[in-house]
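Participant: The following block contains the structure, expressed as structure tokens.
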Amino acid sequence: LLPHDEYTPSIYGLDCEMVRTSQGLELARITLIQFLMTSTDRTEIHMKGAIEGIKGNEGEWYNVVMDLYVKPKNRIRDYLTRYSGITAKILENVNTSIEEIQATLLTLICEDDILVGHSLENDLRALQCVHTKVIDTSVLFRSKDGRKHSLKHLTACLLQRKIQQASQIGHCSEEDAHASLLLAVHRARLGPTFKLYDKKDHRRNLMSTLTKVRRRDILNQPMFFQRNMGPIICLGPSEWIKENVGQSHQNVAHVLECESIKSSATKAVASYLRPGSRNACLLWSKLNVNDEYEVDYSSTIDSFLSNILGVAPSSTMFLIVFQEGYADAKKLYKQRLVAKDARSTLGWSNEQEDKLKHVVDIARYCDAYWIGAAN
């Protein structure tokens, strides 16, 4: 695409839909939208009489510059309707050629303009065009291992918007162009922190962190550990200990298995909280309170909390979190992974999916309390 003199570069979002012909994939629809960065941009568009083309919200305004169906040169073998939304009826009276599209693009896009799209190489290949200033959101937001994410996934996670819904017949090229444009604009405004985070990026194992800290020289440890030389205690179900503590950290923490809040092992919590040589500097525990034969757990919880709050030093702070449904959600999620595996003969029904969504919604919420000791 050719340069223009004395021209302020623009940002365009591009998306194309293709059909399969006897010669491979060919262009069947092109959508080009222009990002309107300032109110001045919108005013200029209004003055040109393209008022109806302006869409979006504050900070996200764009103008639909081109949205045309294109007649492929060769015989169509597959309209790829599921993805393209193109049908034989849509192209029935279309006479616009790819050469006309190319000629129009040369009058619209300059050398310094920026083209934004998702897997943009496919669109430019279909257009048989080359442009050097591009932002490909599939590359911009790929994970550390080089894996690319779908536009639908990026839009849902980063913009909290839904595109390419099952109710739609194929993709909407304007919707896709706008989504990729917004992703690029948000990245430019917010910087590299606007990205998908791997679980390893934001979920750190507490015991791994504590192990690294405790291995430092005492003077290089945080003041909390310099003043609290007592042991680190981990108490909870065996599976939880295996996942969160493991063998590698058991030389740093004292580990006690306790499957339920009613277990006699919970007495150890109070003993480690009492002032003295055994006083723990940090106690991390998970206690299951669910019991199929007990409807009201409140008395059991109250009794346990009263006991530990009554013996702990006044300098002790407790963070107490109540969460429901996590174990059920985790179990069902694993079952779905197995059922969805291509090698599996197990089915996964709509009822099971609804149940999973229900327990996940429950598990997402919890009650957390900071409490000071009574003494």
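Participant: Using a/c under 1.5 as the rounded threshold, could you call segment 70-184 rounded, prolate or oblate? The axes a ≥ b ≥ c are square roots of the C-alpha gyration tensor eigenvalues, and prolate needs a/b larger than b/c, oblate otherwise.
Facilitator: Note, shape of segment 70-184 comes out oblate.
Participant: Additional query: Rounded to the nearest 5, what % of the DSSP beta bridges within the chain are antiparallel ones?
Facilitator: Of all bridge pairs located within the chain, approximately 65 percent are antiparallel.
Participant: For the chain, with the dipole built from +1 on Lys and Arg beta-carbon atoms and -1 on Asp and Glu ones, taken about the Cα centre, which of Thr137, Thr96, Gly117 lies farthest toward the positive end?
Facilitator: Thr137
Participant: Further question: Students often forget the sequence filter, so: which lysines lie under 18 Å Cα-Cα from Lys357 once same-chain residues fewer than 8 apart are removed?
Facilitator: Lys162, Lys330, Lys331, Lys334, Lys340
Participant: Measuring with a 1.4 Å probe in the full set of protein chains, what accessible area per residue, in whole Å², belongs to the chain?
Facilitator: The answer is 62 Å² per residue.
Participant: Tell me the carbon and sulfur percent of the accessible area for the chain, rounded to whole percent, probe radius 1.4 Å.
Facilitator: 51
Participant: Mind listing the phi-derived Karplus ³J(HN,Hα) values for segment 85-95, rounded to whole Hz, using 6.51, -1.76 and 1.60 with θ = phi - 60°, and x for any glycine or proline?
Facilitator: Listing the rounded values in order: x, 7, 10, 4, 5, 4, 8, 4, 10, 7, 10 Hz.
Participant: Find which of Leu332, Ser344, Ile362 sits farthest along the positive direction of the dipole of segment 301-375, computed with +1 on the beta-carbon of Lys and Arg, -1 on that of Asp and Glu, about the Cα centre.
Facilitator: Going by the charge dipole, the pick is Ser344.
Participant: Provide the net charge surrounding Asn93, with neighbours chosen by a C-beta distance below 15 Å and charges set as Lys +1, Arg +1, Asp -1, Glu -1.
Facilitator: Spelling it out: positives minus negatives among the neighbours equals +2.
Participant: Springs between alpha-carbon pairs under 10 angstrom, Gaussian network model over the chain: which of Leu80, Leu181, Leu219 fluctuates most?
Facilitator: Of the options given, Leu219 has the highest mean-square fluctuation.
Participant: Please give me the summed charge of the neighbours of Leu80: other residues whose Cβ is under 13 Å from its Cβ, Lys and Arg +1, Asp and Glu -1.
Facilitator: +1
Participant: Have a look at His358, His254, His186 and tell me which one the Gaussian network model of the chain (Cα, springs below 10 Å) gives the largest fluctuation.
Facilitator: His358
Participant: Then there's this: 7 Å from Cα along Cα→Cβ at both Ser22 and Glu60: what's the point-to-point distance in nm?
Facilitator: So the two model labels end up 4.5 nm from each other.
Participant: Using unit Cβ charges (K, R positive; D, E negative) and no other charged atoms, how large, in debye to the nearest 20, is the dipole of the chain about its Cα centre?
Facilitator: Charge dipole, the chain, about its Cα centre: 1680 debye, nearest 20.
Participant: What is the local net charge at Gln23, summed over the other residues whose Cβ is closer than 12 Å to its Cβ (Lys, Arg +1; Asp, Glu -1)?
Facilitator: That sum, taken over residues with Cβ under 12 Å, equals +3.
The values are calculated or read from the model by the stated rules, or taken from the named source; none is laboratory data. As the structure is a computational prediction, the values presented were derived from the model and not from experiment. Glycine also receives a Cβ, built like all others from the backbone with ideal geometry; neighbour counts cover every protein chain displayed. Remember, those area values only see protein heavy atoms, side chains included, never the ligands or the DNA or RNA. Shrake-Rupley method; radii C 1.70, N 1.55, O 1.52, S 1.80 Å.
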